[in-house]
Amino acid sequence: MKLTTWGQTDIGRLRSSNEDNFSIDRELGLFIVADGMGGHAAGEVASEIAVKTVCESLLPALKQNLLHQDLLSGLKEAINQANQAVTSAAKENSAWQGMGTTLTVLLLQDGQALLGHVGDSRMYRWRTEHLEQLSEDHTLVAEQLRQGRISSGEAGRSGLGHILLQAIGVSEPLDICLQQFPLAAGDLFLLCSDGLTDMLNTADIAQLLRDNPDPEQCCPALIDQALKAGGKDNLTVILIRIDEL
Ligand code: CA
């Protein structure tokens, strides 16, 4: 498999620290975005622990070339381990009490994509000029929308958009969203924190992907546009283009 990938993070225009973390491992086909929350810099501790724990936990399975079914359960196990690691770190330090993080993990192996996800960071797929959100938002508003209790217009206007129904470090047990689907040459995956998607809608993002086919140019273009739109939160963007299967 041949990939072109790029990732970057930005503190945004209003925050005093960056609580997002991300990881790109092209060799292993492993890509992670985590958006931390909690006072006293605890958010960045939570997102860092979560990213590190997933990488360390998945490494042995990836090196042993496990079958996809095993990898999906390995991915679930890695996310549960991240949950435990963040929870126990919070117990050891009172300043870290209540810290948590979103976690979105994409694993690309032998023509397949595996997604493990908790929270409201997002993964999109850009395929044949169509942008599709593949992760679901674990937020109160998204849940009300899924249940048909509010309209999409009401969801957009709701001030409750950021209430998470579950997060790493604060939910036990986790209801991890796991998906597996085949890759196609030319697929482009976007992993991002909500600092991007709160500032740019799907049409804005699609236009930027259309105008900037190269991930190395497109990542800064997405971040610049979100900063121009207000940059109210930390922003993290990873782009992965499947050049060849
Ligand atoms: Ca955020």
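Coordinate-derived values only; no laboratory data. Since this is a predicted model, take the numbers as computed values, not measurements. Cβ sites come from the backbone with ideal geometry, for glycine too, and all protein chains shown count toward neighbours.
Figure legend. Inter-residue proximity from the stretch 1-23: first residues touching a residue at least 24 places away in the same chain (Cβ under 8 Å) and under 10 Å from residue 234 (Cβ atoms), second residues of a type in the set (Asp, Glu) and part of a loop (DSSP other than H, G, I, E, B), beta-carbon distance below 6 Å, spacing 6+ or different chains. Indicated pairs: 12/233. Scanning the stretch 187-204 for residues that are out of contact with any Ser or Thr (no Cβ under 8 Å at 6 or more places or on another chain) and of a type outside the set (Phe, Trp, Tyr) yields 187, 188, 190, 197, 198, 199, 200, 201, 202, 203, 204.
The criterion of being part of a strand (DSSP E or B), closer than 25 Å to residue 21 by Cβ and within 16 Å of the ligand (Cβ to nearest atom) holds for residue 191. In the stretch 1-45, of all residues being of a type in the set (Ser, Thr, Tyr) and in a strand (DSSP E or B), the one that is nearest to the chain's Cα centre (by Cα) corresponds to 23. If you go through the stretch 18-42 and pick out every residue that is away from the ligand (no atom under 15 Å from the Cβ), over 25 Å from residue 62 (Cα atoms) and small (Gly, Ala, Ser), you end up with 0. Taking the stretch 222-234 as the range and being farther than 30 Å from residue 110 by Cα and either in contact with a Gly (Cβ under 8 Å, 6 or more places away or on another chain) or crowded, with 17+ Cβ neighbours inside 10 Å (or both) as the test, the residues that pass are 223, 225, 226, 227, 231, 232, 233, 234. Take residue 101 and decide whether it is in contact (Cβ under 8 Å) with a residue 12 or more places away in the chain and surrounded by fewer than 22 Cβ atoms within 10 Å (Cβ to Cβ). In short, no. Screening the stretch 194-221 for residues that are in a loop (DSSP other than H, G, I, E, B) and charged (D, E, K, R) and picking the one that is surrounded by the fewest Cβ atoms within 10 Å (Cβ to Cβ) gives 214. Taking the residues in the stretch 163-188 that are without any contact (Cβ under 8 Å) to a residue 60 or more places away in the chain and touching a Leu at 6+ places or on another chain (Cβ under 9 Å) as candidates, determine which candidate is farthest from the ligand (Cβ to nearest atom). The selected residue is 175. List the number of the failed condition for residue 237; all other conditions in (1) in contact with an Asp or Glu (Cβ under 6 Å, 6 or more places away or on another chain); (2) β-branched (Val, Ile, Thr); (3) within 16 Å of the ligand (Cβ to nearest atom) hold. Among (1) in contact with an Asp or Glu (Cβ under 6 Å, 6 or more places away or on another chain); (2) β-branched (Val, Ile, Thr); (3) within 16 Å of the ligand (Cβ to nearest atom), residue 237 violates only (1).
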